[in-house]
Amino acid sequence: MWNKKLLTFLRYYTLLLIIAGIILKNENINSVMIIFIFIFIINNQLRFFSLEKNYQKIISFGIELIFITISYKWIGGYLIIYLILSAIDSNILFDRFMQSFFNIVIAFIGVYLSYNESLEFKFVTLGILGVIIAILYFIKDENDKKLQAQELYDKLRISEEKLVKANRDLEVYASSIEELTLLRERNRISREIHDSVGHALSAIVIQLGAIERTLGKSPEVTKELTRELKKFAQNSLKDIRSAVREIKPKEFEEFEGILIIEELINSFKKLTGMDVRLAFTKEKWPLNSDQAFVIYRIIQEFLANSLRHGKATSIQIFMAFTEYKLVVTLKDNGVGAKGLVEGMGLKSMRERVTEIGGIFEYNTKLEQGFLVKLELDKKEKLKIHSQGDNNGENKDHIS
């Protein structure tokens, strides 16, 4: 936006110079000339303060150019001041096309009115006019760029607000979908339990009733019913185990350790409002129970310390699964520390990692946050699995 106070001052100052020039160069001013000058000033002020439509301003400016030509020829004054007043209006009030058109007209009027003047007068008048028009062009161009930048900023701000609203709506929608999915899953599980466990228990109750009726009367029949009941119970147990495996997918069992870590982070975010971001490499391999427990405890400790001691507002956690090892990096944007003395928390982290054959490192600087890095060997996982197989243990507890 143009500075209206400055423009108003320049306008009045230029009008004052025009009047002063007329008084200095014309000693025979009469009432008609004074009326003419007043009409000229009124037209100029109306265009700047009252006229709003573009065609009205164009008509008013055209009248002013005619007034300038007549006034300079008839009443006198300084030509350059007349032209400066017109140049200010043409470069302020109109768009690029009319601005250029009126600047050409003003230059033509300047050439026409100085035609009979000396070469020096022409050079000074037209030279100053050219410089002023060029400056006004530059100011108008910069002002237009500022307006465009402001419009773009306003559009971006509106777009950002819409995106934030859309993100909130998506979060609500996702939460609703999650709840609906959970209800559907519970309904499915209840059906599975009803169809498998309920049917098996009902059949067993019926069989026990038959056994009770034959007990003492027909030992052979009782034995046969007992054998059938045992066989049925074994088959039902297999069916129930199969149903449980379907309810709990193999992928969940394999990556249960990672899912528990994600649940920990989501709960921490909801409770504290802190920005915590967890990322993985595309390829992942399942953690054994020791690895999952150690990583869980270290992340838990790191989150608590970042909030309590580091005064952090953002935490980034990255789990990089390679062919041979897992590298977990935890970084916050907290206050950091200088000359940190390793306390119980860090010692506990280090001990947990080294106990399962891993490497633990940390780094911090004042006002540069806190960084923790741990490496776990994938072979350690394979070794633990092998031990479980050799001991004849059920591998379901290692996920």
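Things to note:
- The condition of being within 60 Å of the chain's Cα centre (by Cα) and not aromatic (Phe, Trp, Tyr) does not hold for residue 35.
- The single condition from (1) in the same structural domain as residue 62 (by TED's automatic domain parsing); (2) surrounded by 16 or more Cβ atoms within 10 Å (Cβ to Cβ) that residue 126 fails is (1).
- Restricted to segment 156-183, and to residues there that are under 22 Å from residue 266 (Cα atoms) and among the β-branched types (Val, Ile, Thr), the residue that is modelled with the highest pLDDT is 164.
- Residue among 42, 75, 68 that is over 25 Å from residue 141 (Cα atoms) and surrounded by fewer than 17 Cβ atoms within 10 Å (Cβ to Cβ): 42
- Residues in segment 358-376 that are assigned to a loop (DSSP other than H, G, I, E, B) and either at pLDDT 90 or above or buried (at least 21 other Cβ atoms within 10 Å of the Cβ) (or both): 358, 369.
- For residue 351, the conditions (1) within 23 Å of the chain's Cα centre (by Cα); (2) part of a helix (DSSP H, G or I); (3) charged (D, E, K, R) are fulfilled apart from (1).
- From 28, 54, residue being among the polar types (S, T, N, Q) and within 19 Å of residue 90 (Cβ to Cβ): 54
- As a summary of the residue check, residue 323 satisfies the conditions (1) among the charged types (D, E, K, R); (2) buried (at least 18 other Cβ atoms within 10 Å of the Cβ); (3) in contact (Cβ under 8 Å) with a residue 40 or more places away in the chain except for the one numbered (2).
- Scan segment 263-279 for residues that are touching a strand residue (DSSP E or B) at 6+ places or on another chain (Cβ under 7 Å) and surrounded by 14 or more Cβ atoms within 10 Å (Cβ to Cβ) and the total you get is 6.
- Criterion: farther than 24 Å from residue 365 by Cβ and either assigned by TED's automatic domain parsing to the domain that holds residue 370 or not basic (Lys, Arg) (or both) - qualifying residue of 318, 280: 280
- Pairs are defined by a Cβ separation below 8 Å, a sequence spacing of at least 6 or placement on different chains, a first member in segment 289-313 that is assigned by TED's automatic domain parsing to the domain that holds residue 363, and a second member that is hydroxyl-bearing (Ser, Thr, Tyr) and modelled with pLDDT of 90 or more; the pairs so defined are 312/306.
- Filter pass, residue 185 being surrounded by 11 or more Cβ atoms within 10 Å (Cβ to Cβ) and outside any helix (DSSP H, G or I): no
- Hits in segment 302-320 - residues which are under 22 Å from residue 256 (Cβ atoms) and buried (at least 18 other Cβ atoms within 10 Å of the Cβ): 302, 303, 317, 319
The values are calculated or read from the model by the stated rules, or taken from the named source; none is laboratory data. Nothing here was measured: the structure is a model prediction, and the numbers come from that model. Note that each Cβ is placed from the backbone with ideal geometry, even for glycine, and that neighbours are counted across all protein chains shown.
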